[in-house]
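So the structure is just underneath, and the comments pick up after that.
The values are calculated or read from the model by the stated rules, or taken from the named source; none is laboratory data. Note that the coordinates shown come from a computational prediction; the quantities given were computed from them, not determined experimentally. All Cβ positions, even for glycine, are placed from backbone atoms using ideal geometry, and neighbour counts span all protein chains on display. SASA here: full protein model, heavy atoms, side chains in, ligands and nucleic acids out. Shrake-Rupley method; radii C 1.70, N 1.55, O 1.52, S 1.80 Å.
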Amino acid sequence: MLSNGQSETNATDLAYHLHSQTNPQALSRDGACVIVKGDGPHVIDENGKRYIDAMAGLWCAALGFNNQRLGKAAAAQYQDLGFYHSFYGRTNPKAASLSRKLVELTGMKDGRTFFVTSGSEANETMVKLAWLYHASRGKPTKRKVIARDRAFHGSTIVASSMCGLEMMHREFGLPLSGFIHTLCPNNYRVRLPGESEAEFVARLAAELERLILSEGPDSIAAFIAEPVIAGGGILPPPQGYFEAVQKVLAKYDILCLDDEVVCGFGRTGNWFGRDTVGMVPDMMSLAKGITSSYFPVAAVVVSPKIVAAVESYNAGGTAFGHGFTNAAHPVGAAVASETIAIYEELDIVANARKMGPILREKLEVATKDSPIVGDVRGVGLMYGVELVEDRATGLAFSPSRTIGARLADKAYENGLVVRAMRDTIGFCPPLIIDESHVDEIVGKLSIALAETEKAIKAKSI
Ligand SMILES: Cc1ncc(COP(=O)(O)O)c(C=O)c1O
């Protein structure tokens, strides 16, 4: 501890570490929270304070924060081969078997796996492959990509451009041209009063078609979507949404790119979100849950027509001109294979299906009398609780009041990690949780909610 009360880690961090998604002034005022230990779904900070992390870190640590088997799998692989790459036809046994496992698990029959090291790289890779695919069929003008408002697809330049969030564009002059957005399938905010779910879906599909026609179908390469929007506010699509959207895409020869970075590996109560929402994609991006984020592994699983395009484009002897040094890393592949083996042994998908409805019900019961909770929604083990100024009308709080962030701060003080997405509070806990963890999450949320309501009433926030 330094004389000003700061720990040495905190002082060093403040002096040298530029943080992601953090307000610099708040960081220098409050210091960072130094996490030193994991214990299942809990983390412990440098002062010994314990938190239940109801966000699995960043929607990723499905096995919690100290699974010993993953460390052992990494250590064993480091003994044999600590690194090798996948350029120039090289591979390693762990990457080869993982590539097969991912094709089998995703059901992408006769497809292939391309390895990368982050969700953003995976999504960028899908865009490059979509360009290559259309060019290989004599349609090189098909380059634009349609994403949705409120989408999050990552932080590299193309991935940020596909985000439908102003915070990902503001400082950087993004989006790049050619990355456009259509309506968000948000049942609570975008569906009109009196509009049935079927009418809402028809309107979303019609709006997509209108956008395609106004941009020119010959200019559009792909549509990208998460099965269930995560970072944009936990938004499961209305019933029949992807079926309607995919009819429009097929009509105009537009590829469907499935961002499974959050939804993959059990999160929605199926192995992949596509199965929860009835999506039939041409490519899928995988990250986070693939190793429970114990190693930076990510992948794109592609359908046979994409494989055929890469092959035909390079039939003259050229090489596929894309790749990353640390992709198909033998240690990462060993950790991923072990993670998936643990998911299968624990039947993690079944646990998400069992715990999800329990979490939902307890959230509903805990918030049913709150004057500031407008909506509780979600699927599998991902839920959102939207805070509103007026429960009856759904009137939103003014964004400048940052009510969601204030509730998240109060939760944090009470030992609960949640995420505020505007005024929606997100819950995406490790998939290993049991009912006692659900009770802890909901109990701590109730305290934070009551404190927030009190502060609003007292006009102190
Ligand atoms: C849906 C989705 N796609 C892509 C990404 C980007 O992944 P990464 O941070 O590994 O680049 C994220 C990150 O949170 C995400 O939520």
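What percent do you get for the relative contact order of the stretch 70-346 when only Cα pairs under 8 Å and 6+ apart count?
On the way: 533 pairs, mean separation 79.6, N = 277.
Once normalised by length, the contact order is 29 percent.
Based on the Cα coordinates of the chain, what is the per residue volume of their convex hull in Å³? Show your work: numbers first, answer last.
Values: hull volume 71.1 nm³, N = 461.
Convex hull of Cα atoms, per residue: 154 Å³.
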Estimated dipole of the stretch 70-346 in Debye, rounded to 20 [Cβ of Lys and Arg +1, of Asp and Glu -1, Cα centre]: 420
Shape call, the stretch 189-283: gyration tensor on alpha carbons, a/c limit 1.5: oblate
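Determine the gain in length on full extension of the stretch Leu176-Asp409; use 0.36 nm per residue of separation and subtract their C-alpha separation, reporting nm with one decimal. Intermediate values should be presented prior to the final figure.
Values: separation 233, 0.36 × 233 = 83.88 nm, distance 3.42 nm.
Gain in length upon complete extension: 80.5 nm.
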Heavy-atom accessible area ranking, 1.4 Å probe, most first, across Asp80, Asp282, Asp39: Asp80, Asp39, Asp282
The stretch 27-100: trypsin sites (Lys or Arg not before Pro) falling in loop per DSSP and having at most 15 other Cβ within 10 Å: Lys49, Arg90
Residue-level accessible surface for His322, protein heavy atoms, 1.4 Å, Å²: 40
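Show me the trypsin sites (Lys or Arg not before Pro) within the stretch 367-461 that DSSP assigns to loop and that have at most 14 other Cβ atoms within 10 Å of their Cβ.
Details: sites: Lys368, Arg377, Arg391, Arg401, Arg406, Lys410, Arg419, Arg422, Lys444, Lys454, Lys457, Lys459; in loops: Lys368, Arg391, Arg422, Lys459.
Within the stretch 367-461, the qualifying trypsin sites (Lys or Arg not before Pro) (loop, at most 14 other Cβ atoms within 10 Å) are Lys368, Lys459.
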In nm, spacing of pseudo-spin labels at Asp275 and Arg50 (7 Å Cα→C-beta vector): 3.4
Neighbourhood charge, 14 Å Cβ-Cβ cut-off, centred on Gln79 and excluding it, Lys, Arg +1 and Asp, Glu -1: +1
Inter-site label distance for Arg203 and Val307 at 7 Å from Cα along Cβ, in nm: 4.3
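Subtract the Cα-Cα distance of Lys251 and Ser460 from 0.36 nm times their separation in residues, and report this length gain in nm to one decimal.
Details: separation 209, 0.36 × 209 = 75.24 nm, distance 5.42 nm.
Length gained between Lys251 and Ser460: 69.8 nm.
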Dipole of the chain [Lys/Arg +1, Asp/Glu -1 at C-beta], most positive-end residue of Ala411, Pro399, Tyr313: Tyr313
All-pairs alpha carbon distance profile, the stretch 1-104, 5 Å steps from 0, percent: 2, 9, 13, 13, 15, 14, 12, 10, 7, 3, 1, 0
Gap separating the Cα centres of the stretch 5-33 and the stretch 205-222, nearest whole Å: 45
Inter-label distance, nm, simple model (7 Å from Cα along the C-beta direction), Asn314/Asp30: 4.7
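Looking at this model, which pairs from Lys247/Lys354; Lys37/Lys72; Lys37/Lys288 are more than 25 angstrom apart at the alpha-carbon?
On the way: Lys247/Lys354 33 Å; Lys37/Lys72 17 Å; Lys37/Lys288 20 Å.
Violating the 25 Å Cα-Cα cut-off are Lys247/Lys354.
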Heavy atoms of Asp30 accessible to a 1.4 Å probe, total area in Å² rounded to 10: 100
